[in-house]
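Here the structure comes first, spelled out in structure tokens, and everything after it is commentary.
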Amino acid sequence: MEQKKALHWADQTAEKIIAEWGDRESYTCASGITPSGTVHVGNFREMISVDLVVRALRDRGKKVRFIYSWDDYDVFRKVPANMPNPEMLEKYLRFPITMVPDPWGRDSSYARHHEVDVETVLPKVGIHPEFLYQAERYRSGMYAEGMRKALENREHLKTILDKYRDEDHKIQGEWWPISVFCSACNRDTTEILDWDGDGGLHYRCESCGHEEVGDLRTLKGAKLVWRVDWPMRWAFEKVDFEPAGKDHHTEGGSFDTSKHVVRDVYGRNPPVTFRYDFIGIKGSPGKMSSSKGKVVDLPDLLRVYQPEVVRYLFAGTRPNTEFVISFDLDVIKIYEDYDRTERIYWGTEKAKDEETRERESRIYELSQVEKVPSEAPFQVPFRHLCNLLLIHQGDVERVLQEFPPLTAEQEALIRQRANCAWYWIEECAPEDFRFAVRRPGEKAELSDAETNAIRRLRDEVVANLDSFADEKFVAEAIYKAAQDSGVDSKTMFKAAYQALIGKDQGPRLAGFLKTLGKDKVLDILSVY
């Protein structure tokens, strides 16, 4: 297999993993989240960042175990604003998320609902991790030894945690690295009273008064606190790489603490990592938060962006760079940028230098859902596709007839882009971008000068439309018609748009006339 140059950050990270852990046959890359609410695109950034590194390792001939942990044994602390049936959900606060009912009634639990939403959509963008469910693993006794080790080292753990806290936040009094969900009422409102040095853990519930001594190997409600749980699992799963958000990567944050814990208590080096930054949504300031319900998720992206373009957004941006995902007119530019990268890969556009060509080609490879197409895709610029869809009122099949014969692979990509474009037009595009072509017989209210200009446009330009070699010659003819009719070009364009779509402006006129076609335009302008 061809060795990839480390021009892309995913390749650079893959080489760092190999350098730090040694040239092994196989590596483990990890990611994960608490399914406390809708899994948003900020969370997705971690998933795809890991996937890109996984691909870079595999391109180097390595086997990779890509694990994704659902932390569904975390506490249900707050009802997000975008959830149905909030009164019902309120009754389950302080329960493990996996024991909260699904308010939609579709899945076995609240946690499972959010997990299924993600698991069903990830294959659409070519991401296929092995999912681990932490509630299931804790309840099975899988982590009993990890919990026991934490209890044996609890004083040392307390010292480690305090090292990364200021004086006001150091642990006061007795502290335990384990929390317990009450076996009677299922809440985490428990106090650990004692541990017998073996398996017996004595606790009492403050909510319901239940008290018991349970065995760590069979006590289903016991779990490690976050800054001990994370490093324990690094050791248990032998994780070689895991990124984290900049909140975890702040100095003295949970990543620093966990690195110390995994070395001192669990006897393993911490994984290679990098910090990924937050994502903004245009018009929605501030960090997205699942718990607040103010989110944009992956299905939202896929309604507007082709899967390859979704991947491109992340593959083409370094993880530690904050960026904005747009649903406004910038969508057009993002598609144009992707198309340019595609042309560079297929050699139909020249990059400024060889390094740029290699980097853009690598971004293109990593942007593909599964593999690079077997042939160069047939490109239809997003803006032009939007105009065609507006002309044909969203009829994708009619739009496809505008193109030369396509292979099945090429047609599938154009059809997908067209569906995204029409959704964007209807749901996201600014009002002044949208238009509807007038039907024959409809007449705009024009001045005498404007009417005269439209007649010249019809008789001198449109009537001869088929004779012009390209749009440049059409544009020149439009300007000449304006001059001959005694109006300036601005007046001509405004009159033309009013006559054709009932607006003062619209798509570039020369191309628009060519796209509409001679016969259609003549029919519309015949009333003048």
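The values are calculated or read from the model by the stated rules, or taken from the named source; none is laboratory data. Model, not experiment: these values are computed from the prediction. Quick reminder, even Gly has a Cβ in these numbers, built from the backbone with ideal geometry, and neighbours come from all protein chains shown.
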* To do: Search region 222-244 for residues that are assigned to a helix (DSSP H, G or I) and pair each with any residue that is among the basic types (Lys, Arg) and surrounded by fewer than 24 Cβ atoms within 10 Å (Cβ to Cβ) when their beta-carbon atoms are under 6 Å apart and the residues are at least 6 apart or on different chains.
  => Ala235/Arg268
* Structure fact -> Counted residues in region 65-95 being surrounded by fewer than 22 Cβ atoms within 10 Å (Cβ to Cβ), among the aliphatic types (A, V, I, L, M) and either at positive phi or not in a helix (DSSP H, G or I) (or both) come to 5
* Asked: Before we move on, is Ala436 buried (at least 18 other Cβ atoms within 10 Å of the Cβ), over 27 Å from the mean Cα position of the chain (by Cα) and not in a helix (DSSP H, G or I)?
  -> no
* **Checklist (1) in a helix (DSSP H, G or I); (2) surrounded by fewer than 14 Cβ atoms within 10 Å (Cβ to Cβ) applied to Asn452, failing item** => (2)
* To do: From Glu365, Glu358, grab the single residue that is in a helix (DSSP H, G or I), in contact with a Leu (Cβ under 6 Å, 6 or more places away or on another chain), acidic (Asp, Glu) and under 27 Å from His8 (Cβ atoms).
  => Glu358
* Structure fact -> Restricting region 42-66 to residues that are touching a helix residue (DSSP H, G or I) at 6+ places or on another chain (Cβ under 6 Å) and of a type in the set (Val, Ile, Thr), the one farthest from Val125 (Cα to Cα) turns out to be Val64
* Asked: If we keep just the residues of region 490-506 that are modelled with pLDDT of 95 or more and small (Gly, Ala, Ser), which is surrounded by the most Cβ atoms within 10 Å (Cβ to Cβ)?
  -> Ala496
* Asked: Considering Ser485, Ser489, which residue is free of Cβ contacts under 8 Å to residues at least 60 places away in the same chain and touching a Phe, Trp or Tyr at 6+ places or on another chain (Cβ under 7 Å)?
  -> Ser489
* Asked: So which residues in region 30-62 are free of Cβ contacts under 8 Å to residues at least 40 places away in the same chain and either outside any helix (DSSP H, G or I) or in contact with a Pro (Cβ under 9 Å, 6 or more places away or on another chain) (or both), if there are any at all?
  -> Ile33, Val54
* Tell me which of these Tyr27 doesn't satisfy, since it passes every other one: (1) outside any loop (DSSP other than H, G, I, E, B); (2) closer than 26 Å to Phe327 by Cα; (3) of a type outside the set (S, T, N, Q). => (2)
* Going by the conditions given, is Lys124 in a helix (DSSP H, G or I) and under 30 Å from Tyr305 (Cα atoms)? -> yes
* Structure fact -> Over region 101-118, the set of residues surrounded by fewer than 15 Cβ atoms within 10 Å (Cβ to Cβ) and either in contact (Cβ under 8 Å) with a residue 12 or more places away in the chain or in contact with a strand residue (DSSP E or B) (Cβ under 9 Å, 6 or more places away or on another chain) (or both) is Trp104
* To do: Quick one: count up the residues across region 497-519 that are in contact (Cβ under 8 Å) with a residue 60 or more places away in the chain, of a type outside the set (D, E, K, R) and part of a loop (DSSP other than H, G, I, E, B).
  => 4
* Residues of region 205-243 being at pLDDT 95 or above, closer than 30 Å to Arg45 by Cβ and of a type outside the set (D, E, K, R), which ones? -> Leu224, Val225, Val228, Trp230, Pro231, Met232, Trp234, Ala235, Phe236, Val239, Phe241, Pro243
* Counting only residues that are part of a loop (DSSP other than H, G, I, E, B), modelled with pLDDT under 95 and not acidic (Asp, Glu), how many does region 151-174 have? -> 6
* To do: Kindly list, by first and then second residue, each pair from a residue in region 444-465 that is closer than 11 Å to Ala482 by Cβ to a residue that is exposed (fewer than 15 other Cβ atoms within 10 Å of the Cβ), limited to pairs with Cβ atoms under 8 Å and residues at least 6 apart or on different chains.
  => Ala449/Gly486; Asn452/Gly486; Arg456/Asp484; Glu460/Lys480; Glu460/Asp484
